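K.L.:
A single structure is presented below for examination.
The values are calculated or read from the model by the stated rules, or taken from the named source; none is laboratory data. Nothing here was measured: the structure is a model prediction, and the numbers come from that model. With ideal geometry, Cβ positions are generated from the backbone for all residues, glycine too; neighbour counts draw on all protein chains shown. Each accessible area value is taken on the protein alone, full model and side chains, heavy atoms only, with ligands, DNA and RNA left out. Shrake-Rupley method; radii C 1.70, N 1.55, O 1.52, S 1.80 Å.
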Amino acid sequence: MIWGVYELDVIADDSLGRFVSRWYGLPDRPRRDLDLPPGLPAALADWHRVASRYSLPLSRDHVMLAPADLTESAGLVRFWSGTDDWYSYAPGPTDPLVVESDTIETGLPLSRFLVYAAVYEATYTPLHGFVCLSPDPDGLRQVQLRLRELDDPLWHWPSPDTRYYGDDDLLAHLGPDRIVISARHRDALGRFDNLNLPWTWDSRTP
């Protein structure tokens, strides 16, 4: 039975905290007061409070800027930055919309986008997982059959051709150009052993 992704099927105010605690386990750091700047959106403040409880950074592919490093430029505040992309919001609204690379309107409010960011990071920076680029359609279908597509429309972004799937121990980003699978533990990967897919990366291979 596939279960355990309910906090991602319908994104709610507590989805970020519930996902992080399920995926990474109980916090390994004590709760502490953070020096958060005035005007910081509540969703971003919540991210930093949750992240402060874990020694493993929640953002490892992109950089989640520290609250003290947030500055406004041309009416936007950059908060999450990768090698080739970055994400910003316009200060003022309680839950501002996120802008990609200063020009592309994502249509996502910050509260929903940060849940996406947490799942993206867990999927694309795993300790245990697989990657297969340009899979054949049958191989992709076989992987899809072993997982369940996440229900919330958030997981159709940024391309409806590439969707997020999961269960209690696995996350996956699947589409015609990729199979990316992340597991909470090594044993969860055994579900895909009989598929004989040409993995570009297999965490179990030295």
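K.L.:
Round to a whole angstrom and tell me the spacing of the C-alpha centers of segment 2-57 and segment 97-148.
P.N.:
About 18 Å separates the Cα centre of segment 2-57 from the one of segment 97-148.
K.L.:
If packing is taken as the mean number of other Cβ atoms within 10 Å per residue, what is the order of 32-43, 8-19, highest first?
P.N.:
On the way: 32-43: 11.7, 8-19: 17.0.
Packing proxy ranking, top to bottom: 8-19, 32-43.
K.L.:
Still on this model: Relative contact order of segment 1-62, please, whole-number percent, based on alpha carbon pairs below 8 angstrom and at least 6 residues apart. Each step should come with its number before you reach the end.
P.N.:
On the way: 26 pairs, mean separation 18.4, N = 62.
Worked out over segment 1-62, it gives 30 percent.
K.L.:
Kyte-Doolittle cut-off 0.0, length cut-off 15 Å along the helix's own axis using Cα: show which whole DSSP H helices in the chain pass.
P.N.:
Numbers: long enough: 110-124 (20 Å, 0.72).
Membrane-span-like by this rule: 110-124.
K.L.:
I need to check one value: relative contact order of the chain, counting alpha carbon pairs closer than 8 Å and at least 6 residues apart, in percent.
P.N.:
Result for the chain is 20 percent.
K.L.:
Further, regarding this structure: Provide the per residue accessible area, probe 1.4 Å, for segment 81-206, rounded to a whole number of square angstrom. Don't skip to the end; give the middle numbers.
P.N.:
On the way: 5850 Å² over 126 residues.
Value returned for segment 81-206: 46 Å² of accessible area per residue.
K.L.:
Under the rule of -39500 (n - 2.57) per DSSP H run of 4 or more residues, summed and divided by the residues of the chain, what mean residue ellipticity at 222 nm is obtained, to the nearest 500 deg cm²/dmol? Provide the component values of the computation, followed by the final result.
P.N.:
Numbers: 5 runs with 48 residues, N = 206.
Rounded to the nearest 500, the figure is -6500 deg cm²/dmol.
K.L.:
Label-point separation (nm) for D138 and D187, each offset 7 Å from Cα along Cα-to-Cβ?
P.N.:
3.2 nm
K.L.:
Percent of accessible area on segment 58-142 owned by carbon and sulfur, 1.4 Å probe?
P.N.:
Numbers: 2140 of 3980 Å².
Reported share for carbon and sulfur atoms: 54 percent.
K.L.:
Can you find, among S88, P126, I104, the residue farthest towards the positive end of the dipole of segment 71-155? Put +1 on the C-beta of Lys and Arg, -1 on that of Asp and Glu.
P.N.:
It is P126.
K.L.:
I need the fraction of alpha carbon pairs in the chain separated by more than 32 Å, rounded to a whole percent.
P.N.:
Numbers: 3845 of 21115 pairs.
Value for the chain (Cα pairs over 32 Å): 18 percent.
K.L.:
Among the chymotrypsin sites (Phe, Trp or Tyr not before Pro) in segment 21-87, which ones are in a DSSP loop with at most 16 other Cβ atoms within 10 Å of the Cβ? Mind listing them? If you can, show how the numbers build up before the last one.
P.N.:
On the way: sites: W23, Y24, W47, Y54, F79, W80, W86, Y87; in loops: Y54.
Here the sparse-neighbourhood loop sites are Y54.
K.L.:
Please report, in debye to the nearest 20, how large the charge dipole of the chain is about its Cα centre when each Lys and Arg carries +1 at its beta carbon and each Asp and Glu carries -1 there.
P.N.:
Numbers: 19 positive and 31 negative charges, 136 e Å.
In total the dipole reaches around 660 debye.
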